[in-house]
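Here, each number is a calculation from the coordinates, and none is a lab measurement. As the structure is a prediction and not an experimental result, all values here were calculated from the model. For neighbour counting, all protein chains shown are included, and Cβ atoms are generated from backbone atoms with ideal geometry for every residue, glycine included.
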Amino acid sequence: MGPALAVDIGGTKLAAGLVTAAGVVRHRAQAPTPSSGDADALFSALTAVIDEVRTGDEVVCGVGAGGPMAPGGEEVSPLNIPAWRGFPLRRRLGEATGLPTFVDNDAKALALGEGWVGEAAGTTNFIAMVVSTGVGGGIVLDGRLLDGAAGNAGHIGHVVVRPDGNRCGCGAQGCLEAEASGTGIRRATGRPAEEAPPEVVEHVGTMVGRAVASVANLLDLRLAVVAGSVALGYGAPFFAAAQAELDRRARLEFSAGARILPAGAGADAPLVGAAAVGWRGLGHDLLGRSAAGGRGPG
């Protein structure tokens, strides 16, 4: 079987790659996300990145994008991409690529990928998180990815972790995204997230651990896997602070001992997850296969 064309759309960068049926990224390309407010200019930048990796033998296009979005990703309105409000992403990409195209939230895509070939493979209950320009989540319970009424289940970035905290782009106050995202860090410090001092790194990790503890207590799960440029860029100090806060806050018999770990696919996680969205759209049960020790689509 040919590879999946995987597309990752974020507020900072646009990426595309070819991912095999075994979950291996073979080719990739990326470019900064244009700051233009023109929806079509942004889409043209995306198709230019896609054209860099195509070889002609792709069988499906899978996309992970920031939310919120309409069911099935028919229209997307990422909070950190103001140019797209109600943008018909699935239809436009299907027309541009000529492939069956499937779109989902980038963090739900991460959950599929990590449950397929990543840190959560073989685990039936976990949350996957993206901590990057924004903060998102995808939840797997009983071996099934949760979608929700409009496909936006798992949006942990808008769990309130500090009621008197920073104003969030969604309009609320104290959301995890306002405290821990690259955008929130820049607003609070006046500096890019990668230049944050140690105390900010610790704060970001603590806020993420606090949110994960709430999810662990609510949903009876014991694993969180985290990707994204902020989390992976901060590395060990971030994960140490997150785990310490998780240990302090998840104290029930079923949640005590919950772990927070880097995504197993590392920097490839967004593209692997996007490919998983495509395979899922074609009817492949990636989570069931991984839990049973089987192969990917093929």
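Points to keep in mind about this one:
- A prolate overall shape is assigned to segment 119-263, the ratio a/c of its alpha-carbon gyration tensor axes (a ≥ b ≥ c) being 1.5 or greater and a/b exceeding b/c.
- Take the chain and mark each of the GluC sites (Glu not before Pro) that is in a DSSP loop with at most 16 other Cβ atoms within 10 Å; the longest unmarked stretch, sites excluded, is 75-252.
- Estimated FRET transfer efficiency when R0 is 22 angstrom, pair Thr12-Arg191 (beta carbons, to 0.05): 0.90
- Pairs of Cα atoms nearer than 8 Å and 6+ residues apart set the relative contact order; for the chain it is 21 percent.
- The mean sequence separation of alpha-carbon pairs under 8 Å and at least six residues apart, normalised by the residue count of segment 79-210, gives a relative contact order of 15 percent.
- Difference of contour (0.36 nm per residue) and Cα-Cα distance, Glu52 to Asn166: 37.1 nm
- For the pair Leu252 and Asp142, a Förster radius of 25 Å applied to the C-beta separation gives a FRET efficiency near 0.85, rounded to the nearest 0.05.
- The chain - share of DSSP beta bridges that are antiparallel (%, nearest 5): 55 percent
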